[in-house]
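Each reported figure results from applying straightforward, stated rules to the coordinates on display, with no laboratory input. Note that the coordinates shown come from a computational prediction; the quantities given were computed from them, not determined experimentally. Glycine also receives a Cβ, built like all others from the backbone with ideal geometry; neighbour counts cover every protein chain displayed.
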Amino acid sequence: MDGAALIQAISISALPVIFAITLHEAAHGYAARHFGDATAWAAGRISLNPLRHIDPVGTLLVPGVILALSYFGGGNPLLFGWAKPVPVNFGRLRRPRRDMVWVAAAGPAVNLLMALGWTALLKLAVTLPFMMYTEPLVSMAEVGIGINLLLMVLNLLPLPPLDGGRIAVGLLPYRLAVPFSRLERWGFPILLLLLFTHTLDWIVGPIFSTLRRCLLLLFQLI
């Protein structure tokens, strides 16, 4: 990929990626505030400013190292990372175990809503008469669909500290929830292992493809 093509790809992808990550994190904060915990609100983390959600390690260092290793290794580029988690004090929630489920589910739910919105934009772009902005809009919408579905599916994996892991902790009986929650310290190492062994592709890929096909069918795009 030459420099001009790279700049074009970044410019098309930047907006949907920023919205996907930023609104996902902000949704956790809004949900926590609704259920009684204003920690994120007081810290100024319920914001659409992407700079407030950048994690130096997860957003910059880890993706950079993975891309470098993939490039020099001659394989397909791999990208993995995370934003700075929105602070939530689950002890301040009115009903901690029940409300934790809703707070955790808020991020993936917003990603699903954004995926629907980007699919609607894709439908609009291919329906209206062709113009100079049609191709960029189609490309941007496709990126928006992809990144939001990927974030939703990945975060719903039942592995702490992912949202799916927190949902599982909230739904499991207490005697099972406590030992299961102790997996949190190993969550990201496990994810990295799954990523580099391509096991994550086998888990996430079919779910992602099925959901994407369902969205395109819903809007009669296939």
Requested in this report: Compute the FRET efficiency between ARG185 and TYR133 as 1/(1 + (r/R0)^6), taking r as their Cβ-Cβ distance and R0 = 45 Å, and round to the nearest 0.05.
Outcome: 0.40
Report task. At 7 Å along the Cα-to-beta-carbon direction for both LEU61 and THR210, put a label point, then send me their distance in nm to one decimal. Result -> 3.7 nm
Requested in this report: With an 8 Å cut-off on Cα pairs and a minimum separation of 6 or more residues, tell me the relative contact order of the chain in percent.
Outcome: 20 percent
Query - Computed [θ] at 222 nm, helices only, for the chain once each DSSP H run of length n ≥ 4 contributes -39500 (n - 2.57) - result: -22500 deg cm²/dmol
Query raised in the report: Which whole-angstrom value gives the distance between the alpha carbon centres of region 37-58 and region 122-163?
Result: 23 Å
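Which order do peptides 131-137, 33-39, 206-212 fall in by mean Cβ count within 10 Å, highest first?
33-39, 206-212, 131-137
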Query raised in the report: Between rounded, prolate and oblate, where does region 3-218 land on the alpha carbon gyration tensor, with a ≥ b ≥ c its root eigenvalues, rounded for a/c under 1.5, else prolate if a/b exceeds b/c?
Result: prolate
Report summary line: Two pseudo-spin positions, 7 Å from Cα along C-beta at ALA120 and at ARG175, lie apart in nanometres by 4.8 nm
Report task. Please give, to one decimal in nm, the separation of the simple spin-label points placed at ILE54 and LEU193, each 7 Å out from Cα toward the Cβ. Result -> 3.2 nm
Query raised in the report: Using the membrane-span-like helix rule (whole DSSP H runs, Cα extent along the own axis of at least 30 Å, mean Kyte-Doolittle hydropathy at least -0.5), which helices of the chain qualify?
Result: 3-34, 96-127, 134-155
